[in-house]
Each structure stands twice: as structure tokens, then as C-alpha cells.
Amino acid sequence: MAASRALSLKVAALRAVTPWWNSRLLAASAGPQAHREVSSSSPKAGEGQIHLTESCVQRLLEITQGSEFLRLEVEGGGCSGFQYKFSLDTVINPDDRVFEQGGARVVVDSDSLAFVKGAQVDFSQELIRSSFKVLNNPQAQKGCSCGSSFSVKL
């Protein structure tokens, strides 16, 4: 009974912080694989930018409707201290940065951008899962074996 109550309190705390019921969550993980990157329109590619691979752009064009976009957030947690969270959203907040390539949009809030600037967002299809992933994150020192969390460079 005590374990059940502790779990209920954890879920309640997460709901207070993360409005997951308002968005469709998508699987998130980081992986070592590299994919061909879609060219960025920024003259200083890599500096404060998020790059989208062709597979990411293609998948976003397939799943988004109207004003929907992919939101990338970094949260505390996971095996290594921080974890990526992907969701579909329609609201752009004042502190958000919008990265658009080939008609697909990825939005990152300014706090999360500090942890992922210069990284690539990819969509990977494997036998056991299909998911968006953050690849080649220059802000990450190391990741865990599950591939969904990372620690930052100091």
C-alpha cells in the first residue's frame, strides 16, 4: 500500500510539471548512429542551431497536421542526469526557438536549447521501435547504455 501511494505521489508531481495529457508523446532516445543531415539555412551552422536529418523531416511531414510541430525538451532524470523528451505541440511560447527545414518544424525552449545546441534530430526505424533521437550532441559528455539520457560537459 505504501509503494502504491508513493507511486501515486510521483505521478501527481509529474503531472504538475509536465502536461503530458495535452500532447502526444513520442519515443525519445539518443544513439551513436549518424545520418545524412539536411542543410541548414544558417550561415553559422552548428552554433545555437538544431539540425534535422532527412528522415526526421520526412517523418514530421507525415505525422504533423496543420500547425503541429515537434517539441524537443531536456528534463532532469534518466540514468545519466538528463533526458530528451519529444512531443507534438501547437503552441509556440515566447522563449521558444523554431528550427524549420523542408517544411518540418522542431521547437526548443531556451533552457533546453543550452543542452542540445549543435545537435541533430533524427527519426530512426528499427525492428523493435521507431523513434525520434538526438544524435551528435556536442553538449553531451556521455550517455547511458539505454541511449535516452546523457550527462553534460562541464
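The values are calculated or read from the model by the stated rules, or taken from the named source; none is laboratory data. Computed from a predicted structure; not experimentally measured. Methodologically, a virtual Cβ is constructed for each residue, glycine included, from the backbone with ideal geometry; neighbour enumeration extends over all protein chains shown. With ligands, DNA and RNA removed, areas are computed over all heavy atoms of the protein, side chains included. Shrake-Rupley method; radii C 1.70, N 1.55, O 1.52, S 1.80 Å.
If you go through the stretch 64-77 and pick out every residue that is exposed (fewer than 15 other Cβ atoms within 10 Å of the Cβ) and either in a helix (DSSP H, G or I) or on the phi < 0 side of the Ramachandran plot (or both), you end up with 3.
Note down all Cβ pairs under 9 Å where the first residue falls in the stretch 96-111 and is free of Cβ contacts under 8 Å to residues at least 12 places away in the same chain, the second is open to solvent by less than 60 Å² (accessible area, probe 1.4 Å) and β-branched (Val, Ile, Thr), and they're at least six residues apart or on different chains. From residues that are free of Cβ contacts under 8 Å to residues at least 12 places away in the same chain, the pairs are Glu100/Val106.
Considering every residue within the stretch 139-146, establish whether at least one is more than 21 Å from Gly77 (Cβ to Cβ), touching a residue at least 60 places away in the same chain (Cβ under 8 Å) and open to solvent by 20 Å² or more (accessible area, probe 1.4 Å). If you could, list the steps in order and put the result at the bottom.
Here is the first cut: in the stretch 139-146, the ones more than 21 Å from Gly77 (Cβ to Cβ) are none.
No - not one qualifying residue is present in the stretch 139-146.
Residue-by-condition table, conditions (1) under 15 Å from the mean Cα position of the chain (by Cα); (2) not hydroxyl-bearing (Ser, Thr, Tyr):
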site	(1), (2)
Val74	yes, yes
Gly78	yes, yes
Tyr84	yes, no
Thr90	no, no
Asn93	no, yes
Gly102	no, yes
Asp109	yes, yes
